[in-house]
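Some notes on the structure that comes next.
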Amino acid sequence: MKSNKLFFKNSKILPIDKFFKNVLYDKKFGYYNSRIPFGEKGDFITSPKISNLFSEIIAIWIVACWESFGKPKNFNIIELGPGDGSLTDVLIRSFKQFPEFNSIKKIFLYEESNYLKKIQKRKISNNKIKWIKNFNEIKKGPIIFFGNEFFDAIPIKQFKRVKNSFYEKYYTLDNNYKIKEIFKKASNTDVKEIKSYKTLRNLNFIEFPKSGFQELLKISQKISKLKGCILMIDYGYFKPNNKNTLQSVMKHKKNNLLKNLGKADVTAHVNFALLNEFFIKNGFKIKNIITQRQFLENMGIIERARILAGKMKFSEQSDLYFRIQRLLSPRYMGELFKVILAYKFETNKIAGFK
Ligand SMILES: C[S@@+](CC[C@H](N)C(=O)[O-])C[C@H]1O[C@@H](n2cnc3c(N)ncnc32)[C@H](O)[C@@H]1O
């Protein structure tokens, strides 16, 4: 129990987004700074770890975007939250099949955790890749930002509304170091921001990705200057319904949100209607939000799997189809995961979306 104190640092009380930021990203004790969470041996598995085909499809999508943007001579791609670097590792290999694109593209990685940065650097020993903290380092565009399970890993705020007043959720410690939840009057700035979103009207329990939106605001300013797009794939929903979606996972099983702090992953489901509204407010064009299954199928994952399977032994074929099922089936990730594309570019023709 005393270990709970670690995540309050020197504060007695913290809004839950600040608290979970410490739990996940504290430089010493934070979950993402002390272990590799991904894969069978970790706590959860993400699409790039299920099959390389997922990342190959992203590679093809990126090259197709570059073509529909008119094959510009300066072209940047930036992975948001690259985890253990599996996706970019496959991108680098796949881009070799497209020499014209490969010779001009620049790859950047944007990562909060110093520990994961080290893991990524070990996996991707390519001196052309750059890890950046500040998007201002990229001067000439266009630019494609993309992230798989990036947004759901950025801690959210929670509020309740009582009549027309808003209260924000905080955590504090009691005398036995037990974490207690309390609500305090929300700041005027937060109330004003929440009220500005139609999607959040009429809710009495509100999840608000304030830090996530601060990240997206920086991205959106960059895209406004250089042109380009952002593709985000995340576990999420279309209609908010007053649900608390914060969840914790450890060793592939549900974990009590306030237990095993720093040893378990904590995420919130992404409100895609709210994301959509954010991008529209910031002057983006949006394609219809689609499911991961629709996106991967539109990009030809089944055909690609058939070609690969033709060169495989039977045992390898069944493993491949098992993995594709996990990506596509509504029972696994196919429909729970959604894909949003927001863009600022003359063309409306973007692969994967109608
Ligand atoms: C759930 S993991 C997903 C990893 C990887 N994309 C995958 O699909 O396997 C979330 C990733 O986003 C990173 N991350 C979270 N918040 C971030 C932020 N504000 N800036 C940069 N990276 C962040 C985490 O450290 C981690 O690499």
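For first residues located in region 94-123 and under 13 Å from F75 (Cα atoms), partners that are among the polar types (S, T, N, Q) and within 16 Å of the ligand (Cβ to nearest atom) and lie 6+ apart or on another chain with Cβ distances below 9 Å form the pairs I107/T88. Considering I58, I92, the condition of being within 16 Å of the ligand (Cβ to nearest atom) and open to solvent by less than 10 Å² (accessible area, probe 1.4 Å) is satisfied by I58 alone.
Which one of N136, N102 is part of a helix (DSSP H, G or I) and closer than 25 Å to I301 by Cβ? After ruling out the rest, the residue left standing is N102. Taken together, Q294, Q325 contain a single residue that is open to solvent by 20 Å² or more (accessible area, probe 1.4 Å) and closer than 21 Å to G147 by Cα, which is Q294. Per the listing V270, V266, the residue uniquely farther than 27 Å from I57 by Cβ and crowded, with 18+ Cβ neighbours inside 10 Å is V266. Looking across region 133-158, the residues that are hydrophobic (A, V, I, L, M, F, W, C) and either within 15 Å of the ligand (Cβ to nearest atom) or crowded, with 21+ Cβ neighbours inside 10 Å (or both) come down to F135, I143, I144, F145, F146, F150, F151, A153, I154, I156. Within region 9-22, the set of residues being at pLDDT 95 or above and either in a helix (DSSP H, G or I) or over 25 Å from the mean Cα position of the chain (by Cα) (or both) comprises I13, I16, D17, K18, F19, F20, K21, N22.
Here the condition is being in contact with a Lys or Arg (Cβ under 9 Å, 6 or more places away or on another chain), touching a residue at least 60 places away in the same chain (Cβ under 8 Å), within 12 Å of the ligand (Cβ to nearest atom) and under 22 Å from V249 (Cβ atoms); of Y235, Y171, it holds for Y235 alone. Applying the set (1) under 22 Å from F337 (Cα atoms); (2) away from the ligand (no atom under 11 Å from the Cβ); (3) modelled with pLDDT under 95 to K28 leaves exactly one unmet item: (1). Among the residues of region 108-132, write down those that are open to solvent by 70 Å² or more (accessible area, probe 1.4 Å) and outside any helix (DSSP H, G or I). Once the filter is applied, which keeps residues that are open to solvent by 70 Å² or more (accessible area, probe 1.4 Å) and outside any helix (DSSP H, G or I), region 108-132 yields E112, S125, N127, K128, K130. Out of curiosity, is I36 within 13 Å of the ligand (Cβ to nearest atom) and of a type outside the set (F, W, Y)? So I36 fits the description; yes. K105 meets the conditions (1) surrounded by 15 or more Cβ atoms within 10 Å (Cβ to Cβ); (2) at pLDDT below 95; (3) more than 16 Å from the ligand (Cβ to nearest atom) in every case but one. The failed one is (2). Can we say L327 is modelled with pLDDT of 95 or more and part of a helix (DSSP H, G or I)? When the stated conditions are applied, L327 passes them. Collect the residues in region 62-89 that are under 12 Å from G141 (Cβ atoms) and within 16 Å of the ligand (Cβ to nearest atom), keeping them in residue-number order. Of everything in region 62-89, those that are under 12 Å from G141 (Cβ atoms) and within 16 Å of the ligand (Cβ to nearest atom) turn out to be I77, I78.
The values are calculated or read from the model by the stated rules, or taken from the named source; none is laboratory data. Just so we're clear, the structure is a prediction, and the values are computed from it rather than from any experiment. Note that each Cβ is placed from the backbone with ideal geometry, even for glycine, and that neighbours are counted across all protein chains shown. Quick note on the areas: whole protein, heavy atoms, side chains included, nothing else; ligands and nucleic acids left out. Shrake-Rupley method; radii C 1.70, N 1.55, O 1.52, S 1.80 Å.
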